[in-house]
Amino acid sequence: MTAPHDRIAAATSLLFVPGHRPDRFDKAASSGADLVIIDLEDAVAPEDKDRARDNAAAWLALGNQAVVRINAPGTPWSERDLAMAADHGCPVMVPKAEDPAVLAELAARTAGRCTLVPLIETALGVEQAREVCATPGVVRAAFGNVDLATQLGVAHDDHTALAHARSRLVLASAAAGISPPIDGVTTAVRDTDALTADIAHARRLGFTGKLCVHPYQLSYVADGFAPTADELHWACTVLQAGDSVTTVGGRMVDRPVLERARRLLALAREPHTAP
């Protein structure tokens, strides 16, 4: 069993399951998702918040593993959500993440037991993404396309409208030295064309994983973020030519190109298993 930090860093598919539906927890865990996220926030009505937290605690107490999306700091439920996650030492997804001081306080209050996944879904969060990603305790950031689009007054599935925000998050993650970020959801659950287009766009920008809202999406996400056959052939060709070669197939080869080739092959070998 790998550490939570490593599982989060390497995960490609992350599947939300509503906290008020404990009947779905085991199904989500066996779905093939790299990580399960028990959602105590957007998927749960206010009157069900306490019950959802209790459901998550009971399931985690059985030895199951998941990320917990707590309610946003400052809401009536956030502190109890965080305390429950800390009791079980599970990773925490923090919605509306935009203030590094708040994230640092959350990390301190869990005494380092919970790694953090900030969900960047506000304009201020995008503007402060570099500082958010560099906060101690943060392993990887995720992009909240639906909430951000609502704040900006654009469509959440408009690639052009959100391209700048997505790129800011990719750059901020790289600058902070953490894993590339996780892209937001595709709300059209069974629209394969929309899903594959979203995956291709996110991958092109530098994302290496995606939040999922239905098990149907998982296989497409796994395939879409995996190196293609052409990429693997290129990587093998480059590395087989040797470190001293300066051109392959008429194209320049230098240290960054070699590193990309090695990374592609490493990605093809990385196992993705549910926690």
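The values are calculated or read from the model by the stated rules, or taken from the named source; none is laboratory data. Everything quoted here is computed from the prediction, not taken from an experiment. Reconstructed Cβ throughout: ideal geometry from the backbone, glycine too, with neighbour counts over all protein chains shown. When the accessible area is computed, the model is the full protein with side chains, heavy atoms only, and any ligands, DNA or RNA have been set aside. Shrake-Rupley method; radii C 1.70, N 1.55, O 1.52, S 1.80 Å.
A few notes on this one:
- 222 nm mean residue ellipticity, helices alone, for the chain (DSSP H n ≥ 4; -39,500 (n - 2.57); rounded to 500): -14000 deg cm²/dmol
- Cα long-axis angle, helix 49-61 against the chain (0 to 90 degrees, to the nearest 10): 60 degrees
- The chain - charge dipole about Cα centre, Lys and Arg +1 at Cβ, Asp and Glu -1, debye rounded to 20: 640 debye
- Computed lengthening from VAL189 to ALA123, 0.36 nm per intervening residue step minus Cα-Cα distance: 21.2 nm
- Counting DSSP beta bridges with both ends in the chain, the antiparallel % (nearest 5): 10 percent
- Accessible area per residue, Å², the chain with all protein chains present, probe 1.4 Å: 46 Å²
- Placed amide H near VAL94: partners under 5 Å, 5+ positions off or other chain: VAL117, LEU119
- Taking N as the residue count of the chain, its C-alpha radius of gyration divided by 2.2 N^0.38 Å amounts to 1.02.
- Distant-in-sequence amide contacts of GLY144, defined by a placed amide H-H separation under 5 Å and a gap of 5 or more residues or a different chain, comprise ILE120, GLU121.
- Phi to ³J(HN,Hα) by Karplus 6.51 cos²θ - 1.76 cosθ + 1.60 over segment 201-212, Hz, x for Gly, Pro: 5, 4, 5, 4, 7, x, 6, 10, x, 8, 6, 10
- Modelled spin-label separation between ARG109 and ASP48, with each label point placed 7 Å from Cα along the Cα-to-Cβ direction: 2.5 nm.
- Here the accessible area is traced with a 1.4 Å probe on the protein chains. For the chain, carbon and sulfur cover 54 percent of it.
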